[in-house]
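Each reported figure results from applying straightforward, stated rules to the coordinates on display, with no laboratory input. Keep in mind that what you see is a predicted model, and the values were worked out from it rather than measured. All Cβ positions, even for glycine, are placed from backbone atoms using ideal geometry, and neighbour counts span all protein chains on display.
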C-alpha cells in the first residue's frame, strides 16, 4: 500500500477534517482515505446497457427512431475472424 504525505494543508481544512473524522468515528488519516476513495474509485462499474439507455434518453430517441436505424442497418452476417 502506498504512503502519501500532504503538506501545507490550511488550518481551516485540517480543522474541518478532524471534525468530519470525529463525526464518522474515524481518525483523520482514515477519514482522508475514505474521502480519497469516494472521490476517485467508482462505487459501481459502468455497465454498458446502462450507458446505452442513458445515451438514448439524452438523445431522446423514440421507438420510431430505433426502427429507422434497424431498417438501414446492414443485415449481412459478419465474416469469421481468421487468425494466422
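Data table
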quantity	calculated
Rounded FRET efficiency, nearest 0.05, which uses the C-beta distance separating residue 41 from residue 11 and R0 of 35 Å	0.75
Ranked packing of 20-28, 41-49, most packed first, by mean Cβ within 10 Å	20-28, 41-49
Within the chain, helix-based [θ] at 222 nm, where runs of 4 or more DSSP H residues each add -39,500 (n - 2.57), nearest 500	-17500 deg cm²/dmol
Ellipsoid equivalent to the chain - semi-axes via the Cα gyration tensor, in Å	50, 20, 11
